[in-house]
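Worksheet: the structure to be examined is printed underneath.
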Amino acid sequence: MFLFLLLFFPFVLVAASVIKGSFKEYFVPAVLGAFAGIFTCLIYTFFIFPSSSFSFGFASNFARILFKNIFLPMFLSGAALFLLLKDPFETRIKVLFPYWIVFYALFIPCTTISGKTDFSFFELFLRPVLYVSMLVMFDGVWDFFLLKRIKAEDKTAASDYGARDEVFGIDRHRSGSVKSIIMLCLALFFVLSFPAAVETLRFIGAPRPVWILMFVVYAAAAVYVAYKIQTHFRREK
């Protein structure tokens, strides 16, 4: 019953490493992601789940799911990774995908199974796909952003403004860079909040076709992004 829930994330990690040819590059972040996942699952099991309270409003449940399942674990685990690694900013961003795939390979089964005896089709099959789609979309947004930045740097000589003033590794004085940061943040927020919206609609009993349609659109978008990433890396080879 739990086979898909437990194996889907590792399968995606192996597939991604084959596509990108990054077995060695993925090993360290995958190991770190496993440690982060185990630690987070212990914290959630003993300190967070017992104090959970529920309501039937969309806003409160959306905020709860977004914070507990996405923002809090991703922020804390991501911050830990950034502190451990001393690589350039772009390198640390690129290893977030294998790191979080392994992290969520432990976190999603933990939050699904803990304290329950009955499980729905959504929890066992659709929820893993939803969160893998989120990580693929997250990786795709960053790949697009970094690729766009590299192309801009190829076209632009060293800054005429003297010393660089950087935010997320981007020169703020460069024309359009602040706008790019804003667009990046909005895109990332949308990508990360969409799974929480789907889970919330299902939890509060919204019409099934509504959240199923949202799930299908989001998963299809992730498949398209994965295809574009695969095409890009094949072209690079």
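The values are calculated or read from the model by the stated rules, or taken from the named source; none is laboratory data. All of these numbers come straight from a predicted model, not from anything done at the bench. Note: ideal-geometry Cβ built from the backbone for every residue, glycine included; neighbour counts use all protein chains shown.
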Inspect all residues belonging to the range 7-30 and state whether any of them is touching a Ser or Thr at 6+ places or on another chain (Cβ under 7 Å) and modelled with pLDDT of 95 or more. no
Test of understanding: among Ser60, Ser22, which residue is closer than 22 Å to Ser133 by Cα and either in contact with a Pro (Cβ under 9 Å, 6 or more places away or on another chain) or not aromatic (Phe, Trp, Tyr) (or both)? Ser22
I'm told Ala63 meets every condition in (1) surrounded by fewer than 18 Cβ atoms within 10 Å (Cβ to Cβ); (2) within 20 Å of Ser114 (Cα to Cα) except one. Can you identify the failing condition by its number? (2)
Residues satisfying the stated conditions in the range 111-133, i.e. hydrophobic (A, V, I, L, M, F, W, C), touching a Leu at 6+ places or on another chain (Cβ under 9 Å) and either in a helix (DSSP H, G or I) or free of Cβ contacts under 8 Å to residues at least 12 places away in the same chain (or both): Ile113, Phe122, Leu124, Phe125
The listed residue being surrounded by fewer than 20 Cβ atoms within 10 Å (Cβ to Cβ), touching a helix residue (DSSP H, G or I) at 6+ places or on another chain (Cβ under 8 Å) and at negative phi, out of Ile19, Ile101, Ile43, Ile108: Ile19
In the range 66-91, what residues are crowded, with 18+ Cβ neighbours inside 10 Å and either in contact with a Cys (Cβ under 9 Å, 6 or more places away or on another chain) or not polar (S, T, N, Q) (or both)? Leu66, Ile70, Pro73, Met74, Leu81
Kindly establish whether Leu7 is more than 19 Å from Tyr131 (Cβ to Cβ) and surrounded by fewer than 18 Cβ atoms within 10 Å (Cβ to Cβ). no
Of the criteria (1) assigned to a loop (DSSP other than H, G, I, E, B); (2) of a type in the set (Gly, Ala, Ser); (3) over 28 Å from Met1 (Cα atoms), which one Ala80 fails: (1)
Pull out all pairs, ordered by first then second residue, where Cβ-Cβ is under 7 Å, the residues are six or more apart or on different chains, the first lies in the range 210-231 and is touching a residue at least 60 places away in the same chain (Cβ under 8 Å), and the second is among the polar types (S, T, N, Q) and assigned to a helix (DSSP H, G or I). Tyr218/Ser133; Ala219/Ser133; Ala222/Ser133
What is the one condition in (1) among the small types (Gly, Ala, Ser); (2) at pLDDT below 95; (3) crowded, with 16+ Cβ neighbours inside 10 Å that Gly205 does not satisfy? (3)
